[in-house]
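**Q** So that we are looking at the same thing, I have put the structure below in structure tokens.
The values are calculated or read from the model by the stated rules, or taken from the named source; none is laboratory data. None of the values given here were measured: they were computed from a predicted structure. Because the Cβ atoms are built from the backbone with ideal geometry, glycine has one as well, and the counts that use them run over all protein chains shown.
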């Protein structure tokens, strides 16, 4: 009789344990699934200090006004990955922060939703607006150096490639656009004759600094390495360079010579779970106070004419794309060329990187 | 469940008559391995198999990915570099580990305790936190370069080169080398060495000609373990290697997560997986040691099954002669070895402590010693940015400990008490597979397959993946507990009419409860500490603590990571002291009663 009871009780306990497991799993699903009542959009940017700045300038005020929560992803420059995500139907992003070469490749791969830009105006450069994208600022990548390790500084792309005269570890983000063009400029190609890119020549020139250069998977990694003093000179996003300089981790300086200009655009991928709120965020990004905040936090040039016109000469003298910072070697990436050749060049670039 | 619980008396004599005394073990435990086997097969083996298949189907059917991987000098370099870095780390681990293991076995009581702590403390610290320590130590502004500057030398770039990877990796692998070495050394008494000395050999000569050959099984097991784990390294090269010290793991990660190039990733994963399985199989063939024993990190079995051959070959004889020369010079006498081992132990332990000053740094820069001091990073840890991931990690680890605890215990019952031999060996191989197979390959498989069913970036996905990684620990710990449990208890209960459930609940579980608790604790820690899978699978919606630390290390120079290291050390110290105190109290109470 005793055994009888025990067995029944034992069974019940096993049942209880199983229930506990099921409930625990169910609880997990609930937590990770629709736990939030609020609407949310997922934004793909670039992480680190950039994400902090964009959060403070754009998304925190936007969330406050619209009650839409914003989640952050840092795969904004992973063009091939984002294209693959969209093609395989597993797009989880609502809003992507794209520089113009990425934008061109997204359009070429046909993974973007058309945006109704009819109600949006006041752009300093209306030509930058496309059927799929809304420009929100102009940025640059500049040549920089650690003043402790490179005494004279840099004046041109040729200096970056001159390892004999300027020794030291070079650091760059492992993205081909801009770097291939820079290699050609260093090799003597005039800025107005860069395109179509002579890839063999560019890669051959890059081979010459391969042993002195570290290519990082993201802007954050590069920023990190510069801050730790591991990098003596290189080429990187201006906002990151300024962020390191103000943090005081290492004494950093940069030049406008050879700077690469790009318009930063906000886009909505096909299959975005919440395209409507993403579009609202895009509209919000054009507000004068957001545009000013982005300029203050990142040091980049507003896309709205009204904001740009209100700036004094001193501010303009340190902004990408203004007449004050233009130089012979400053150039813009040819988005049409990259739209056509981007996918193939990326593959060749990956192969070269691992060599 | 053949017994009918309602009429136990009628059923009781039946088993005895049916078995006729031929078989002593009760039938039926075999089936209890089914849930665990299904979980490992479906969640672990299947995605890896599909990933391997994709290497020939993506983007088009054919061997394109392999021609790209093996035909392009860059990728071949990657493969060769992976092997070289792993081999160098293994050699370094052996050189450092041998004297430490020797003193851990033959040294004085204090030295033994110290070395055990020195080896186990880093072992229990997250690989991410240890990489952080090395980032500080080897950094351009770190203590090593500061020291070089003191001597008027140029600073050396070590971070983002293979040097940093080898140093950090060998530090990580050291316990895997020392445990099998120490296990083998424990089986060797000092009688043989004494005999050699009595026949006129000096200490060095006796060591080289007698002791060293006897420890060969331990050296082999430790080296294979280190090499296999080294090849699959992902976090260390990703954080410390840069583009020059990158290994196959980083290639797989960037191909999947950054380029969406599944074809190349799966080809690289296949190469890595095949390399590891090949090495393990060759090792098994050569030494007769099973996967389970190797993964269980014990070389005692090998020592038992195959006594090391005494003949060491010409090299050994030469080395012996050289050692004899050293003996005659008199350099080998005295107490140099214990001091050396203690120094090495301190060297292994030291990186742990470098983070303490960094955690109080006033700036973000990783300068040692810090320029100024503050407690801001401690304050930052207690914000949602860190506490949320901590909560997620704890929650996931608890569920993993529960599921893996149940599944692993049942599987252990099947293997230890089961009767179908083929099934038992299949079960134990499957259970240990996730431990030996490179986690980065598994993580790539999880990611690729979970993506299809919407499990990427969900807690359920991470739990499922972590359960497979935790099962080997639960399985091996509980199996060991069960083996030491006399089956006569269960037979006695069965003869009194207890069904299998009752036996399990009233006899087996209470008796092996300590093993199950230990096993679940291991499962908890495995999940809590796990970084590779978390880096692949967590993202925007779910972020575990290791993923958060990885982000902080790779994207933001953030001393908050040092704060976490300090907390982990404090926790470990408290647990250690508590345990020591507990043992002392229980021992005293037992002796007084």
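**Q** Got at least one residue in the stretch B:208-224 being modelled with pLDDT under 90 and in contact with a strand residue (DSSP E or B) (Cβ under 8 Å, 6 or more places away or on another chain)?
**A** No, the stretch B:208-224 contains no residue that is modelled with pLDDT under 90 and in contact with a strand residue (DSSP E or B) (Cβ under 8 Å, 6 or more places away or on another chain).
**Q** For the stretch A:48-66, which positions are over 23 Å from residue B:543 (Cα atoms) and surrounded by fewer than 21 Cβ atoms within 10 Å (Cβ to Cβ)?
**A** A:61, A:64, A:65, A:66
**Q** Name the residue that is farthest from residue A:236 (Cα to Cα), counting only residues in the stretch A:161-178 that are within 24 Å of the chain's Cα centre (by Cα) and not in a strand (DSSP E or B).
**A** A:169
**Q** All but one of (1) more than 14 Å from chain A (Cβ to nearest Cβ); (2) part of a loop (DSSP other than H, G, I, E, B) hold for residue B:207; state the number of the condition that does not hold.
**A** (2)
**Q** Could you identify the single residue in A:321, A:236 that is touching a strand residue (DSSP E or B) at 6+ places or on another chain (Cβ under 7 Å), assigned to a loop (DSSP other than H, G, I, E, B) and under 30 Å from residue A:213 (Cβ atoms)? Let's see the steps before the verdict.
**A** On the way: A:236 fails: assigned to a loop (DSSP other than H, G, I, E, B).
After applying the criteria, what remains is A:321.
Yes/no matrix, rows are residues, columns are (1) touching a residue at least 40 places away in the same chain (Cβ under 8 Å); (2) closer than 30 Å to residue A:93 by Cβ; (3) within 14 Å of chain B (Cβ to nearest Cβ); (4) within 21 Å of the chain's Cα centre (by Cα):
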site: A:229; (1), (2), (3), (4): yes, no, yes, no
site: A:242; (1), (2), (3), (4): yes, yes, no, yes
site: A:254; (1), (2), (3), (4): yes, no, no, yes
site: A:268; (1), (2), (3), (4): yes, yes, no, yes
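**Q** Give the stretch B:393-419 a look and list any residue that's farther than 13 Å from residue B:528 by Cα and more than 12 Å from every other protein chain (Cβ to nearest Cβ), or say none.
**A** B:408, B:411, B:412, B:413, B:414, B:415, B:416, B:417, B:418, B:419
So that you can scan it fast, the table gives a plain yes or no per residue for (1) within 14 Å of another protein chain (Cβ to nearest Cβ); (2) farther than 30 Å from residue A:327 by Cα; (3) in contact with a helix residue (DSSP H, G or I) (Cβ under 6 Å, 6 or more places away or on another chain):
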position	(1), (2), (3)
A:61	no, yes, no
A:65	no, yes, no
A:77	yes, no, no
A:81	yes, yes, no
A:86	yes, yes, no
A:129	no, no, no
A:135	no, no, yes
A:155	no, no, no
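**Q** If the Cβ limit is 8 Å and pairs must be 6+ apart or interchain, which residue in the stretch B:207-220 that is within 11 Å of residue B:98 (Cβ to Cβ) pairs with which residue that is surrounded by fewer than 20 Cβ atoms within 10 Å (Cβ to Cβ)?
**A** B:207/B:193; B:211/B:188; B:211/B:192; B:211/B:193; B:212/B:312; B:212/B:316; B:215/B:188; B:215/B:308
**Q** Could I ask something else about it? Out of everything in the stretch A:127-144 that is touching a residue at least 24 places away in the same chain (Cβ under 8 Å) and farther than 20 Å from residue A:331 by Cβ, what residue ends up being surrounded by the most Cβ atoms within 10 Å (Cβ to Cβ)?
**A** If we filter the stretch A:127-144 for residues that are touching a residue at least 24 places away in the same chain (Cβ under 8 Å), which is where we start, we get A:128, A:130, A:132-144.
Keeping just the survivors that are farther than 20 Å from residue A:331 by Cβ gives A:130, A:132-134, A:136.
Working: A:130: 20, A:132: 21, A:133: 26, A:134: 21, A:136: 24.
If we take residues in the stretch A:127-144 being touching a residue at least 24 places away in the same chain (Cβ under 8 Å) and farther than 20 Å from residue A:331 by Cβ, then A:133 is surrounded by the most Cβ atoms within 10 Å (Cβ to Cβ).
**Q** Out of the residues in the stretch B:253-268 that are in a helix (DSSP H, G or I) and surrounded by fewer than 23 Cβ atoms within 10 Å (Cβ to Cβ), which is farthest from the other protein chains (Cβ to nearest Cβ)?
**A** Checked the stretch B:253-268; the qualifying residue farthest from the other protein chains (Cβ to nearest Cβ) is B:263.
**Q** Please verify whether the stretch B:229-245 includes one or more residues that are at pLDDT below 90, in contact with a strand residue (DSSP E or B) (Cβ under 6 Å, 6 or more places away or on another chain) and at positive phi.
**A** yes
**Q** Still on this structure, I have one more. Run residue B:499 past the list (1) more than 19 Å from residue B:253 (Cα to Cα); (2) away from chain A (no Cβ under 13 Å) and report the number of the one that doesn't hold.
**A** (2)
Conditions (1) within 14 Å of chain A (Cβ to nearest Cβ); (2) at pLDDT 80 or above; (3) under 33 Å from the mean Cα position of the chain (by Cα), marked per residue:
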| residue | (1), (2), (3) |
| --- | --- |
| B:16 | no, no, no |
| B:54 | yes, yes, yes |
| B:59 | yes, no, no |
| B:67 | yes, yes, no |
| B:77 | yes, yes, yes |
| B:80 | yes, yes, yes |
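**Q** Additional query: Looking only at the stretch A:244-273, how many residues end up being buried (at least 23 other Cβ atoms within 10 Å of the Cβ) and assigned to a helix (DSSP H, G or I)?
**A** 1
**Q** Looking at the stretch A:88-104, which of the residues that are closer than 22 Å to residue A:128 by Cβ and at pLDDT below 90 is farthest from the other protein chains (Cβ to nearest Cβ)?
**A** Top of the filtered list is A:100.
**Q** Something else: Out of all the residues in the stretch B:138-162, which are assigned to a helix (DSSP H, G or I), more than 17 Å from residue A:227 (Cβ to Cβ) and touching a residue at least 60 places away in the same chain (Cβ under 8 Å)?
**A** Answer for the stretch B:138-162, where residues must be assigned to a helix (DSSP H, G or I), more than 17 Å from residue A:227 (Cβ to Cβ) and touching a residue at least 60 places away in the same chain (Cβ under 8 Å): B:143, B:146, B:162.
**Q** Taking only the stretch A:324-355 into account, find how many residues are touching a strand residue (DSSP E or B) at 6+ places or on another chain (Cβ under 7 Å), assigned to a helix (DSSP H, G or I) and either farther than 30 Å from residue B:261 by Cα or more than 14 Å from chain B (Cβ to nearest Cβ) (or both).
**A** Initially, the stretch A:324-355 is screened for residues touching a strand residue (DSSP E or B) at 6+ places or on another chain (Cβ under 7 Å), giving A:325, A:327, A:329-333, A:353.
Filter once more, keeping what is assigned to a helix (DSSP H, G or I): A:325, A:353.
So of that shortlist, the ones also either farther than 30 Å from residue B:261 by Cα or more than 14 Å from chain B (Cβ to nearest Cβ) (or both) come out as A:325.
Selection size over the stretch A:324-355: 1.
**Q** Among the residues of the stretch A:215-226, is there at least one that is out of contact with any helix residue (DSSP H, G or I) (no Cβ under 7 Å at 6 or more places or on another chain), outside the structural domain of residue A:130 (by TED's automatic domain parsing) and part of a strand (DSSP E or B)?
**A** Scanning the stretch A:215-226, I find no residue that is out of contact with any helix residue (DSSP H, G or I) (no Cβ under 7 Å at 6 or more places or on another chain), outside the structural domain of residue A:130 (by TED's automatic domain parsing) and part of a strand (DSSP E or B), so the answer is no.
**Q** Residues that are part of a strand (DSSP E or B) and over 30 Å from residue A:93 (Cβ atoms): does the stretch A:182-196 have at least one?
**A** There is no residue in the stretch A:182-196 that is part of a strand (DSSP E or B) and over 30 Å from residue A:93 (Cβ atoms).
**Q** Turning to a different aspect of this structure: Those residues that are under 20 Å from residue A:287 (Cα atoms) and loosely packed, with under 14 Cβ neighbours inside 10 Å, I need them from the stretch A:308-334; list them, please.
**A** Residues satisfying the conditions are A:309, A:310, A:312.
**Q** Looking at the stretch A:53-96, which of its residues are under 13 Å from the mean Cα position of the chain (by Cα) and touching a residue at least 12 places away in the same chain (Cβ under 8 Å)?
**A** A:53, A:54, A:72, A:73, A:74, A:75, A:76, A:77, A:79, A:82, A:95, A:96
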